[in-house]
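Structure first, then comments.
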Amino acid sequence: MAETGRDIQVAKKLLQSGELVAVPTETVYGLAGNALHTPAIAKIFEVKDRPSFDPLIVHISDFTQLGKYVTDVPDAAQELARHLWPGPLTLLLKKKSIIPDMVTSGLATVGIRCPNHPLTHELLSSLAFPLAAPSANPFGYVSPTTALHVDEQLGTKIKYILDGGPSTVGMESTIVGFGEKRPMVHRLGGLSIENLEEIIGPVDVAIHSRSNPLAPGQLESHYAPRKRVFTVDLERAINMIDFEKVAVMSYQKDYQVPHQYILSPSGNIHEAARNFFAALRELDRAPVDLILAEFVPDEGIGRAINDRLRRASAK
């Protein structure tokens with residue numbers, strides 16, 4: 001398995017030599033490599049078994065780095081970055097040629113963000129290059145929110161995991177693009193629509209599944225465990241199912257079944273977001289045939305949880 005620790009210098013030396021390192025962020029753990037070094041980018045796609053048409057997000061240390069990698073920063077993007085960086089916000093902007101086409105899957109735009117985690121921020125500040133860092137898990141599977149999650153799945157394929165503790169948000173970043181009309185949300189995530197609109201006014205939302213995504217996290221089937229997931233009304237289904245063979249993921253209610261994960265007994269939507277991916281992993285290991293899950297309240301970060309649940313349950 002991979003060496004796990006908090007030594008930024010170890011991570012830095014590996015990244016400078018073209019190797020990959022798992023890094024913590026407030027959203028999920030990322031599989032990081034030099035975003036300007038094509039061989040390192042190719043390793044990311046190889047280790048994750050990620051299709052080449054699915055673009056990566058580039059991570060920078062702060063707002064002042066943005067101009068090095070993109071050609072233009074619209075006023076709305078500047079406002080969002082000033083208010084919400086560091087944080088779970090990715091801006092989709094026109095890239096400069098210094099960003100390899102492999103990072104963006106040939107697209108003219110690059111997703112770029114400043115993560116809010118002290119270890120990764122210190123690491124980024126010490127490097128002469130940004131990091132491409134999709135989630136540190138096999139492509140399409142449940143995203144990792146602890147160093148142990150990374151080690152369980154990629155520990156034999158990478159040399160070092162920078163352990164920053166559990167992710168505090170637990171949902172990937174919200175991705176916002178900027179065209180001729182209003183800003184467009186391409187992926188729901190750790191920042192709610194309301195968070196964005198408080199700063200820049202109304203935004204449009206286009207999170208429909210794509211076979212040729214413009215941004216990460218747009219494929220129909222994604223974030224999925226190996227066991228089949230079905231979304232149901234648990235209140236109605238609870239008396240009709242053999243729960244020796246079925247696991248349950250509920251929002252708040254205890255259904256008194258053998259294999260169950262309650263996302264937030266207190267009904268806290270942010271706690272539910274932090275626990276969502278860990279819940280899928282735990283239930284995936286349970287001795288059952290399938291997982292039944294209910295939607296959470298569809299507001300704030302709950303919209304992002306429900307989006308992940310729909311993708312996890314897609315065939």
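Side notes on the structure shown:
- Every residue from segment 137-147 that is at pLDDT 95 or above and surrounded by fewer than 17 Cβ atoms within 10 Å (Cβ to Cβ): none
- Residues of segment 3-35 satisfying the condition of being small (Gly, Ala, Ser) and crowded, with 17+ Cβ neighbours inside 10 Å: Ala11, Ala22, Gly30, Ala32, Gly33, Ala35
- Segment 1-49 holds strands (runs of 3 or more DSSP E) entirely within its bounds, and those carrying 1 or more residues that are in the same structural domain as Glu172 (by TED's automatic domain parsing), more than 20 Å from Thr156 (Cβ to Cβ) and not β-branched (Val, Ile, Thr) map to 30-34.
- For segment 21-77, filtered to residues that are closer than 28 Å to His149 by Cβ and among the aromatic types (Phe, Trp, Tyr), the residue that is modelled with the lowest pLDDT is Phe53.
- Scan of segment 161-175 for residues that are out of contact with any Lys or Arg (no Cβ under 9 Å at 6 or more places or on another chain) and assigned to a strand (DSSP E or B), ordered by number: Ile161
For (1) under 18 Å from Ser313 (Cα atoms); (2) modelled with pLDDT under 75, each residue gets a yes or a no:
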| position | (1), (2) |
| --- | --- |
| Ser221 | yes, yes |
| Ala224 | yes, no |
| Ala237 | yes, no |
| Glu244 | no, no |
| Val257 | no, no |
| Tyr261 | yes, no |
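- Lone unmet requirement of (1) under 26 Å from Pro24 (Cβ atoms); (2) touching a residue at least 60 places away in the same chain (Cβ under 8 Å) for Glu271: (2)
- Filtered by the rule that a residue be among the polar types (S, T, N, Q), over 13 Å from the mean Cα position of the chain (by Cα) and part of a loop (DSSP other than H, G, I, E, B), segment 137-160 gives a lone residue, Thr156.
- Checking Leu56, Leu107 one by one, the residue that is within 25 Å of Pro183 (Cβ to Cβ), within 21 Å of the chain's Cα centre (by Cα) and surrounded by 23 or more Cβ atoms within 10 Å (Cβ to Cβ) is Leu56 and no other.
- Residues of segment 228-254 that are farther than 17 Å from Ile305 by Cα and either exposed (fewer than 15 other Cβ atoms within 10 Å of the Cβ) or not assigned by TED's automatic domain parsing to the domain that holds Ala286 (or both): Arg228, Glu235, Arg236, Asn239, Met240, Asp242, Glu244, Lys245, Asp254.
- Odd one out for Gln65, checked against (1) surrounded by 19 or more Cβ atoms within 10 Å (Cβ to Cβ); (2) out of contact with any Phe, Trp or Tyr (no Cβ under 7 Å at 6 or more places or on another chain): (1)
- Set side by side, the residues Pro130, Pro134 differ, and just one is over 13 Å from the mean Cα position of the chain (by Cα), closer than 23 Å to Thr109 by Cβ, at pLDDT 95 or above and surrounded by 23 or more Cβ atoms within 10 Å (Cβ to Cβ), which is Pro130.
The values are calculated or read from the model by the stated rules, or taken from the named source; none is laboratory data. Since the structure is predicted, the reported quantities are computational estimates derived from the model, not experimental observations. Heads up, the Cβs are rebuilt from the backbone with ideal geometry, glycines too, and the neighbour counts pull from every protein chain shown.
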